[in-house]
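Right, one structure below, let's go through it.
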Amino acid sequence: EELVLVDAGPASSYPEAETVSSRLVALCQLHLLHIGGWPTPHSVARFLAHLDIPATATIHIWAECLFSRNATVSMLLPADLSHLHPFQKLKAIHCTFRPTRRDYPQLVSIQDGVFVFFSYFAGMTPADMLCSVFSCLDARNVEELTLGVECSPELSGPVWRSILDGIPRLRRLNILR
């Protein structure tokens, strides 16, 4: 029912050339998954790619590995999210800023159709981070979007269009400063 892998993952990233099995492990009774302290976002994504998680599960990922200069949220998740059922039929996405990584490592959380990303920007702009989130999630059913990030420079019209075009059912947009 609970799987806690905080500081219990791989000690280093997997070699890219290593053969990857396509075997899925069904965790039908899983209610709560915690992942944290892993060396790279790719190692988290690679692990998640092998899991079949029920829609009722809650997932929390502490992602200090995203503090590197080129890491994005999309790197944390496998390309195929079809077996990670909590990511299906998202109804709300909340992206908010945490002022310091020292006190709060970046956290990705998903529960009951609500995706939350708390971030501290290291090597990417807020626009890059937001585009990264929306490039990996199916937001077609999202009705609420909260953006609590300081965007300097301001998000451009094309960035807003690329985000909002992927959210056709949006009913509530919260912009927090």
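Points worth noting:
- Maximal additional length on extending the K91-R172 stretch stands at 28.1 nm, based on 0.36 nm per residue less the C-alpha distance.
- Annotation: amide H of G36 within the under-5 Å range of L5, V6, D7, A8, W62, sequence separation 5 or more or interchain, hydrogens built in the peptide plane.
- Near L51, the amide H atoms lying under 5 Å from its own belong to V25; only residues 5 or more places off or on other chains count, and H is placed 1.01 Å from N.
- Between the amide H of N141 and those of L90, distances stay under 5 Å, these residues lying 5 or more places away or on another chain, with hydrogens modeled in the peptide plane.
- In order along segment 55-64, the phi-based Karplus estimate (6.51 cos²θ - 1.76 cosθ + 1.60, θ = phi - 60°) of 3J(HN,Hα) comes to 4, 7, 6, 10, 10, 10, 10, 8, 10, 4 Hz; Gly and Pro are listed as x.
- Cα Rg, Dmax, segment 18-61, angstrom units: 11.2, 32
- Of W160, W38, the order by accessible heavy-atom surface (1.4 Å probe, DNA, RNA and ligands excluded), from most exposed downward, is W160, W38.
The values are calculated or read from the model by the stated rules, or taken from the named source; none is laboratory data. Remember, it's a predicted structure, so these values are computed and weren't measured experimentally. For the accessible areas, the whole protein counts, side chains as well, though only heavy atoms, and no ligand, DNA or RNA atoms are used. Shrake-Rupley method; radii C 1.70, N 1.55, O 1.52, S 1.80 Å.
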